[in-house]
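The values are calculated or read from the model by the stated rules, or taken from the named source; none is laboratory data. Treat the numbers as computed from the prediction; the structure is a model and nothing was measured. Every residue, glycine as well, gets a Cβ built from its backbone with ideal geometry; the counts of neighbours run over all protein chains shown. Note: accessible area is taken over every heavy atom of the protein model, side chains too, but ligands, DNA and RNA are not part of it. Shrake-Rupley method; radii C 1.70, N 1.55, O 1.52, S 1.80 Å.
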Amino acid sequence: MKNLIEIKNLNKKYPVKSEFSGRSKDFIYAVNDVSLTVKEGEILGLVGESGCGKSTFLKLLLRFYPVQSGSVRLYGRELNEYSLMQLRNMITYVPQESYLFEGTIRENIEYGWNKAGSPDMDMIVRAAKQAYADEFISELPDGYDTRLTAGGMNLSGGQRQRIAIARAMLKDSPVILMDEPSSALDTHSENVFLKALDSPMKDKTVIMVSHRMTGVERFDRVVRL
Ligand code: ADP
Ligand code: MG
């Protein structure tokens, strides 16, 4: 299989404000000299202690931050050879904290759609099932038409996370980056959730940041940052 993502000597440092002057004078390395190759179709688990740079690493792949030193290639081309639009179409990103907006659950899932027109209900339900969200949504009196408040505060953390994942599942892209997608789920839900992801991820290339080692048998490879 060919290499889809090739990362060489990647670095990212954040400024640290001086305690006295408030001016940035020092830096801390959040990502320090990371090299990693991910093959097409591979499902990679990324683990490491809190604060070791996992989230920053994913954000670099999305070009939320410019690559300061080192190189990141996607399909053999440097990240900055792509427009942000192209990049965001190639990569589905599930952030650690997803933003749910004021509107119905259906609208919140539909937001992930990246093709012309709008998805039909079957596709939305399929995405929700893949995200292990259909069950609790169907139990709500208004189902998919349930209105969320801004931030989705009328749902639990685990439910918000599942809607965010359903949103990601609706998007069609070859690469999926997930940042601790199951951190707000209990162990049972997490297992069901990971199992449900098996089929949608079959022909995708996936990097999943994982806060614990559950489900590692589902990964082709686990890398510790
Ligand atoms: P992880 O996801 O592994 O917990 P992060 O990538 O979130 O780690 O953070 C790595 C390091 O970079 C931490 O020390 C964190 O405090 C620091 N950091 C993260 N984001 C910022 C930021 N926007 N500004 C300054 N420092 C940051
Ligand atoms: Mg993180």
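Considering only residues that are outside any loop (DSSP other than H, G, I, E, B) and in contact (Cβ under 8 Å) with a residue 60 or more places away in the chain, look in the range 111-145 and name the one that is most open to solvent (accessible area, probe 1.4 Å). First the steps, then the outcome.
Kept after step one, since they are outside any loop (DSSP other than H, G, I, E, B), are these residues of the range 111-145: 121-130, 134-139, 143-145.
Filter once more, keeping what is in contact (Cβ under 8 Å) with a residue 60 or more places away in the chain: 129-130.
Working: LYS129: 121, GLN130: 38 Å².
Per the stated criteria, the residue is LYS129.
Give the residue, chosen from ARG88, ARG73, that is out of contact with any strand residue (DSSP E or B) (no Cβ under 7 Å at 6 or more places or on another chain), closer than 21 Å to ASP172 by Cα and in contact (Cβ under 8 Å) with a residue 12 or more places away in the chain.
Being out of contact with any strand residue (DSSP E or B) (no Cβ under 7 Å at 6 or more places or on another chain), closer than 21 Å to ASP172 by Cα and in contact (Cβ under 8 Å) with a residue 12 or more places away in the chain holds for just one of ARG88, ARG73, which is ARG88.
Of all residues in the range 151-179, count the ones that are part of a loop (DSSP other than H, G, I, E, B), modelled with pLDDT under 90 and charged (D, E, K, R).
1
Out of the range 146-162, which residues are touching a residue at least 24 places away in the same chain (Cβ under 8 Å) and either among the polar types (S, T, N, Q) or surrounded by 23 or more Cβ atoms within 10 Å (Cβ to Cβ) (or both)?
THR146, THR149, SER156, GLN159, GLN161, ARG162
If you scan the range 39-54, which residues turn out to be surrounded by fewer than 16 Cβ atoms within 10 Å (Cβ to Cβ) and under 25 Å from PRO200 (Cβ atoms)?
Once the filter is applied, which keeps residues that are surrounded by fewer than 16 Cβ atoms within 10 Å (Cβ to Cβ) and under 25 Å from PRO200 (Cβ atoms), the range 39-54 yields LYS39, GLU40.
Scanning for something within 14 Å of the chain's Cα centre (by Cα), of a type in the set (Asp, Glu) and modelled with pLDDT under 90, does the range 185-206 turn up at least one residue?
Taking every residue of the range 185-206 in turn, none turns out to be within 14 Å of the chain's Cα centre (by Cα), of a type in the set (Asp, Glu) and modelled with pLDDT under 90.
Tell me whether the range 55-62 contains one or more residues that are of a type outside the set (D, E, K, R) and either open to solvent by 70 Å² or more (accessible area, probe 1.4 Å) or farther than 28 Å from ALA166 by Cα (or both).
Taking every residue of the range 55-62 in turn, none turns out to be of a type outside the set (D, E, K, R) and either open to solvent by 70 Å² or more (accessible area, probe 1.4 Å) or farther than 28 Å from ALA166 by Cα (or both).
LYS54: closer than 20 Å to ARG221 by Cα, under 17 Å from the mean Cα position of the chain (by Cα) and charged (D, E, K, R), yes or no?
Here the answer is yes, as LYS54 does meet what is asked.
Tell me which strands (runs of 3 or more DSSP E) are completely within the range 1-110 and hold 2 or more residues being modelled with pLDDT under 90, or say none if there are none. Please lay out each step first, then the result.
On the way: elements: 3-17, 24-39, 43-47, 69-74, 91-94.
So the answer is 3-17, 24-39.
Here's the yes/no breakdown for (1) within 16 Å of ligand 2 (Cβ to nearest atom); (2) hydrophobic (A, V, I, L, M, F, W, C):
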residue: ASN154; (1), (2): no, no
residue: ARG160; (1), (2): no, no
residue: SER189; (1), (2): no, no
residue: ALA196; (1), (2): no, yes
residue: VAL209; (1), (2): yes, yes
residue: VAL222; (1), (2): no, yes
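For the range 74-93, check the following and say yes or no: at least one residue is buried (at least 17 other Cβ atoms within 10 Å of the Cβ), within 17 Å of the chain's Cα centre (by Cα), within 16 Å of ligand 2 (Cβ to nearest atom) and not polar (S, T, N, Q).
Checked the range 74-93: at least one residue is buried (at least 17 other Cβ atoms within 10 Å of the Cβ), within 17 Å of the chain's Cα centre (by Cα), within 16 Å of ligand 2 (Cβ to nearest atom) and not polar (S, T, N, Q).
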